[in-house]
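Data block below; observations after.
Here, each number is a calculation from the coordinates, and none is a lab measurement. In this text, all values refer to a predicted model and were calculated from it rather than measured experimentally. Here the Cβ is made from the backbone with ideal geometry for all residues, glycine too, and neighbour counts use every protein chain on show.
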């Protein structure tokens, strides 16, 4: 199995971000974003996705967290797109249902080559810690646009906003893990009748 690792750097007037992704990792996270709750959520993605993530982000947090969160989604998406390569031999689709106490979320991903975010989540609070819950949509929108995936996120129940978010990110990690896994029955074939993704 060839190494599926990619490093991407994004350097703008608003943020300086470097992300390294290892799709065949052990679930390790090295993360410095300056946004503590986001770090906690990225730990869920790494741990439950068995994806190693090394993330360094410096952003204009004196304004707010928006640019850092959005640009991290963009950079992470670019790294995934590079690491997964031409998608030959992967399962392509992944899904997961994850509960945490009263909360339950479902995430479904397709490495289709067609960006699309369909997110049905009504957070019960406007912020978790200092993080505006509206920024989760910005993070995932940045990811899908640059990973070139279709992503469906549904929070099916839950009244604790922390639990809602955590079930989403855990399910996101599990769905990614399933989708990028190499299918031994595909033996390097393209998982599409079109012959390309």
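What translational diffusion coefficient, in µm²/s and rounded to a whole number, does the Stokes-Einstein relation yield for region 157-197 at 4 °C and a viscosity of 1.567 mPa s, taking the hydrodynamic radius as the Kirkwood radius over Cα pairs?
Numbers: Rh = 12.7 Å.
It diffuses with D of about 102 µm²/s by this estimate.
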Can you give the % of DSSP beta bridges in region 5-180 that are antiparallel, to the nearest 5? 80
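Grab the alpha carbons of region 6-74, take their convex hull, and tell me the volume per residue in Å³.
Details: hull volume 4.6 nm³, N = 69.
Normalising the Cα hull of region 6-74 by residue number yields 67 Å³.
So how do 7-13, 174-180 stack up, highest first, on mean other-Cβ count within 10 Å? Walk me through the numbers on the way to the answer.
Working: 7-13: 13.9, 174-180: 23.1.
Going from most to least packed, we get 174-180, 7-13.
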Degrees, to the nearest 10: 36-49 long Cα axis against longest axis of the chain: 20
In what sequence do 62, 146, 40, 95 fall when counting other Cβ within 10 Å, fewest first? 62, 95, 40, 146
Find how much the distance from residue 82 to residue 97 grows on full extension, using 0.36 nm per residue of separation minus their present alpha carbon separation; answer in nm with one decimal. 2.7 nm
I need 39, 52 ordered by Cβ neighbour count within 10 Å, fewest first. 39, 52
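Consider all pairwise Cα distances in region 5-180 and report the whole-number % of them above 25 Å.
On the way: 3766 of 15400 pairs.
Result for the distance tail: 24 percent.
Averaged across orientations, what area in nm² does the convex hull of the alpha carbons in region 93-197 project?
Numbers: hull surface 28.0 nm².
Its average projected convex-hull area is 7.0 nm².
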